[in-house]
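*Asks:* Handing you this structure, nothing more for now.
The values are calculated or read from the model by the stated rules, or taken from the named source; none is laboratory data. The structure displayed is predicted, hence computed values, not measured ones. Using ideal geometry, Cβ is built from the backbone for each residue, glycine included, and neighbour counts are taken over all protein chains shown.
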Amino acid sequence: MGRISDEDVRRVRDATDLVSLVQERVLLKQKGRLFWGCCPFHAEKTPSFKIDPATQLWHCFGCGLGGDAYGYLMRTDNVDFVEAVRILADRAHIEITEEAGGVPRSLRERLIAATEAAAEFYHDMLTKSRDAGSQVAREYLNKRGFGSDVARTWRLGFAPGKGALVRHLTQAGFSADEIVGANLGLKGDGGRMKDRFYERIMFPITDLQGRTIAFGGRVIGTGEPKYLNTQDTPIFHKSANMYGIERAKATITSTGTGIVVEGYTDVIALHQAGVTNAVATLGTALTREHVRLLSRFAKRVVYLFDGDEAGLRAADRASEFIDKSITPEAGRDRIELSVAVIPSGQDPADFVGASGPEALAEIVASAAPLLRFSIDRRLSRWDLDRPEERTRALKEAAEVLVPIKDSLLADDYATYIADRLFADVATVKRAIAVSRPAINPVSQGEQEAEAPAPVPDTPQLRLERDLLDLLVRHPKLRPRARFLLSENLLTDPTHKAIAQGIVEDGAGLPADALIGALEAANPGSASALSGATLGEVADADADAVERDLARKLKEFDLERRIAVGKARLKQPGSLKNPGEYDELFKNVSALQSELEEYRSGARDVG
């Protein structure tokens with residue numbers, strides 16, 4: 001992965017208006033100096049998502065997430081930090097430089113440009129060419145109900161082959177290495193270039209920003225493979241991208257549900273029927289990366305399978321996605337995985353064409369939770385009236401629950417299995433305890449670390465955030481950060497790092513620039529500050545508010561020190577001699593008196 005200089009990161013952040021960025025997907029209303037809307041990361045009816053234009057920070061009081069423009073884009077578009085900088089740089093028309101390590105930015109841009117040029121070429125061949133192959137492609141699409149409007153909307157194309165694309169791209173100024181690098185052409189015997197795709201209907205695959213990065217090609221007539229996809233390239237990974245995701249993400253976010261199908265034409269047919277939260281995998285089964293991508297937008301993913309035998313076999317393999325992310329213990333990161341099977345052996349496109357979107361909506365609404373579906377499929381293989389087969393059925397059903405065996409959900413389904421098998425729950429739980437998963441959901445060498453437990457929020461932490469936020473907003477107060485550190489009034493490590501950053505970098509910087517510097521030095525600073533709840537404070541009142549907050553933090557500090565002293569006094573055996581006990585008693589009494597002075601207003605913070 002390339003590294004972007006701190007200067008470029010700052011320039012891009014300064015050029016990005018968070019309000020306009022968020023308004024591309026979220027309806028915002030201004031109340032005072034803040035903007036409010038419904039959080040894009042969880043379903044809610046009452047807006048709890050705020051943006052502060054002065055600090056260029058966002059925060060949701062419903063789910064607790066927050067941060068700056070980079071953090072927002074990383075969550076909405078499922079990208080890492082470097083890619084978020086790239087996207088916002090493109091948006092702001094800022095040229096950035098990447099240091100060594102990873103794909104150079106110029107190479108990425110050239111590969112994307114070549115793929116975009118190929119998409120335009122294929123589309124022109126489908127819609128304008130009078131060649132026989134193009135006419136056959138148009139006839140096939142028309143029979144599927146995909147006329148010229150659909151072809152234009154989805155930018156469908158036709159690949160004639162015979163080196164036509166290679167010649168076109170070469171004339172457009174792309175090198176052989178760039179054409180091969182984007183997997184648009186291949187080098188044959190003697191180094192001669194040839195087209196990767198030929199005599200196929202072409203489906204452009206875009207990234208989350210709508211840029212063409214790959215293709216799926218369907219053969220016309222007979223031939224193998226039926227579908228041919230772009231191989232992995234520096235700009236495309238089929239296990240992490242999905243067809244239609246750029247078009248579907250808005251609906252998936254607003255409804256909270258994503259529908260996964262297996263074919264490109266299924267996606268198009270569903271979208272044309274108004275089911276605009278459908279996406280497809282790219283010639284592979286659903287992967288863990290796909291689930292992670294969808295979980296950025298959806299809290300529920302419905303995997304919609306064809307009703308034929310191949311579809312049912314694929315549905316059985318979906319059990320590999322059973323892990324702790326589907327349990328209540330996952331908290332706000334929980335995702336609900338469900339499975340639905342189209343009846344009568346139809347695929348989603350045929351079904352919605354014959355029965356309409358309302359019938360499909362009923363199937364999606366009634367989709368079975370993945371756990372129950374997987375258990376029922378395993379139990380259905382056995383004659384449960386025979387004791388011997390019930391024993392085998394128990395073993396297979398228990399294997400499904402192994403990845404989540406310590407969760408509340410596993411307890412619920414242990415009861416479900418017991419009821420189906422006429423067994424007691426204790427027997428089922430013993431079977432789960434000694435079982436191993438039928439399919440290990442995490443491949444060897446890809447073990448996932450346990451997510452750290454969230455740090456509980458407390459009144460003191462909220463006070464610390466509010467006071468630091470006040471210092472950031474009012475430059476005249478920033479020297480007070482040194483006092484907070486010297487008096488040890490901050491308990492959270494991130495808050496201490498923010499205060500230290502204010503001391504070192506705070507002079508002369510506007511609030512948003514200071515936050516950028518703090519985030520660059522200590523990632524997580526922007527997210528911490530975004531949770532401040534103090535609101536707008538007039539400059540004339542800022543000194544008094546700062547004193548009040550600092551006094552309250554001082555009271556917290558004294559209360560903590562008094563509690564520690566009292567605890568030691570209750571255990572005199574831990575003290576070396578009676579004189580030490582007397583000294584500690586005097587110290588606690590003095591701290592108690594100091595606390596009363598602060599509470600009564602007789603004493604002010606330094």
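*Asks:* Looking only at segment 240-249, filter to residues that are part of a loop (DSSP other than H, G, I, E, B) and touching a Leu at 6+ places or on another chain (Cβ under 8 Å); which one of those is farthest from T276 (Cα to Cα)?
*Replies:* In this case the residue turns out to be A240.
*Asks:* For segment 276-296: of the residues being at pLDDT 80 or above and part of a loop (DSSP other than H, G, I, E, B), which is surrounded by the fewest Cβ atoms within 10 Å (Cβ to Cβ)?
*Replies:* T276
*Asks:* Just need a number here: residues in segment 125-151 that are in a helix (DSSP H, G or I) and in contact (Cβ under 8 Å) with a residue 24 or more places away in the chain. I'd like the intermediate steps shown before the answer.
*Replies:* The initial filter retains those residues of segment 125-151 that are in a helix (DSSP H, G or I), namely 125-128, 132-143, 148-151.
Pick out the ones that are also in contact (Cβ under 8 Å) with a residue 24 or more places away in the chain and you get 125-127, 133-134, 136-137, 140-141, 150-151.
Adding up the residues that qualify gives 11.
*Asks:* May I pose another question? Just to check your reading of the model, which residue among A43, A84 is in contact (Cβ under 8 Å) with a residue 12 or more places away in the chain, outside the structural domain of G531 (by TED's automatic domain parsing), assigned to a loop (DSSP other than H, G, I, E, B) and not β-branched (V, I, T)?
*Replies:* Values: A84 fails: assigned to a loop (DSSP other than H, G, I, E, B).
Of A43, A84, the one residue that is in contact (Cβ under 8 Å) with a residue 12 or more places away in the chain, outside the structural domain of G531 (by TED's automatic domain parsing), assigned to a loop (DSSP other than H, G, I, E, B) and not β-branched (V, I, T) is A43.
*Asks:* While we're looking at this one, here's another question. Scan segment 465-481 and give yes if some residue there is more than 30 Å from A285 (Cα to Cα), in contact with a Leu (Cβ under 7 Å, 6 or more places away or on another chain) and at pLDDT below 90, otherwise no. Write out each step before concluding.
*Replies:* To start, the set of residues in segment 465-481 that are more than 30 Å from A285 (Cα to Cα) comprises 465-481.
If we keep only those that are in contact with a Leu (Cβ under 7 Å, 6 or more places away or on another chain) too, we end up with 465-472, 477-478, 480-481.
If we keep only those that are at pLDDT below 90 as well, we get none.
Scanning segment 465-481 turns up no residue that is more than 30 Å from A285 (Cα to Cα), in contact with a Leu (Cβ under 7 Å, 6 or more places away or on another chain) and at pLDDT below 90.
*Asks:* Follow-up. Within segment 408-438, how many residues turn out to be in contact (Cβ under 8 Å) with a residue 12 or more places away in the chain and assigned to a loop (DSSP other than H, G, I, E, B)?
*Replies:* 6
*Asks:* Going by what's in this entry, would E139 be described as among the acidic types (D, E) and buried (at least 16 other Cβ atoms within 10 Å of the Cβ)? Give the steps one after another, and end with the answer.
*Replies:* On the way: among the acidic types (D, E): yes; buried (at least 16 other Cβ atoms within 10 Å of the Cβ): no.
Considered against the rule, which asks whether it is among the acidic types (D, E) and buried (at least 16 other Cβ atoms within 10 Å of the Cβ), E139 comes out as no.
*Asks:* With respect to F197, is the statement that it is among the hydrophobic types (A, V, I, L, M, F, W, C), under 22 Å from A349 (Cα atoms), out of contact with any Leu (no Cβ under 6 Å at 6 or more places or on another chain) and buried (at least 18 other Cβ atoms within 10 Å of the Cβ) true? Walk me through it before giving the result.
*Replies:* Values: among the hydrophobic types (A, V, I, L, M, F, W, C): yes; under 22 Å from A349 (Cα atoms): no; out of contact with any Leu (no Cβ under 6 Å at 6 or more places or on another chain): yes; buried (at least 18 other Cβ atoms within 10 Å of the Cβ): yes.
Here the answer is no, as F197 does not meet what is asked.
*Asks:* Select from segment 229-275 the residues that are within 22 Å of the chain's Cα centre (by Cα) and acidic (D, E) and write down the one among them that is surrounded by the fewest Cβ atoms within 10 Å (Cβ to Cβ).
*Replies:* D232
*Asks:* Name the strands (runs of 3 or more DSSP E) wholly inside segment 152-224 in which the number of residues that are in contact (Cβ under 8 Å) with a residue 40 or more places away in the chain, over 18 Å from K128 (Cβ atoms) and of a type outside the set (G, A, S) is 3 or more.
*Replies:* Values: elements: 157-159, 185-187, 193-195, 200-206, 212-219.
Of the strands (runs of 3 or more DSSP E) lying wholly inside segment 152-224, those with at least 3 residues that are in contact (Cβ under 8 Å) with a residue 40 or more places away in the chain, over 18 Å from K128 (Cβ atoms) and of a type outside the set (G, A, S) span 200-206, 212-219.
*Asks:* As an exercise: evaluate G216 against (1) under 19 Å from T284 (Cα atoms); (2) modelled with pLDDT of 90 or more; (3) over 33 Å from the mean Cα position of the chain (by Cα) and give the number of the one condition it does not meet.
*Replies:* (3)
*Asks:* Same structure, new question: Restricting attention to segment 339-369, and to residues there that are assigned to a helix (DSSP H, G or I) and β-branched (V, I, T), which single residue is nearest to N277 (Cα to Cα)?
*Replies:* Of all residues in segment 339-369, those assigned to a helix (DSSP H, G or I) come to 343-345, 348-355, 357-365.
Filter again for β-branched (V, I, T), leaving 352, 363-364.
On the way: V352: 14, I363: 14, V364: 11 Å.
Out of the qualifying residues, it is V364.
*Asks:* Check off (1) in a loop (DSSP other than H, G, I, E, B); (2) more than 17 Å from V9 (Cα to Cα); (3) more than 13 Å from the chain's Cα centre (by Cα) for V22 and give me the number that stays unchecked.
*Replies:* So the condition that V22 fails would be (1).
*Asks:* Just the residues that are β-branched (V, I, T) and touching a residue at least 40 places away in the same chain (Cβ under 8 Å), please, taken from segment 377-407.
*Replies:* Kept after step one, since they are β-branched (V, I, T), are these residues of segment 377-407: 391, 400, 402, 404.
V400, I404 - these are the residues of segment 377-407 that are β-branched (V, I, T) and touching a residue at least 40 places away in the same chain (Cβ under 8 Å).
*Asks:* A further question on this structure: How about segment 40-84: which of its residues are under 18 Å from the mean Cα position of the chain (by Cα), surrounded by fewer than 21 Cβ atoms within 10 Å (Cβ to Cβ) and modelled with pLDDT of 90 or more?
*Replies:* Those that are under 18 Å from the mean Cα position of the chain (by Cα), surrounded by fewer than 21 Cβ atoms within 10 Å (Cβ to Cβ) and modelled with pLDDT of 90 or more: none in segment 40-84.
*Asks:* If I go through segment 394-407 residue by residue, how many of them are of a type in the set (D, E, K, R) and either part of a helix (DSSP H, G or I) or crowded, with 17+ Cβ neighbours inside 10 Å (or both)?
*Replies:* Pass one, segment 394-407, residues of a type in the set (D, E, K, R): 395-396, 399, 405-406.
Still in the list and also either part of a helix (DSSP H, G or I) or crowded, with 17+ Cβ neighbours inside 10 Å (or both): 395-396, 399.
So the answer is 3.
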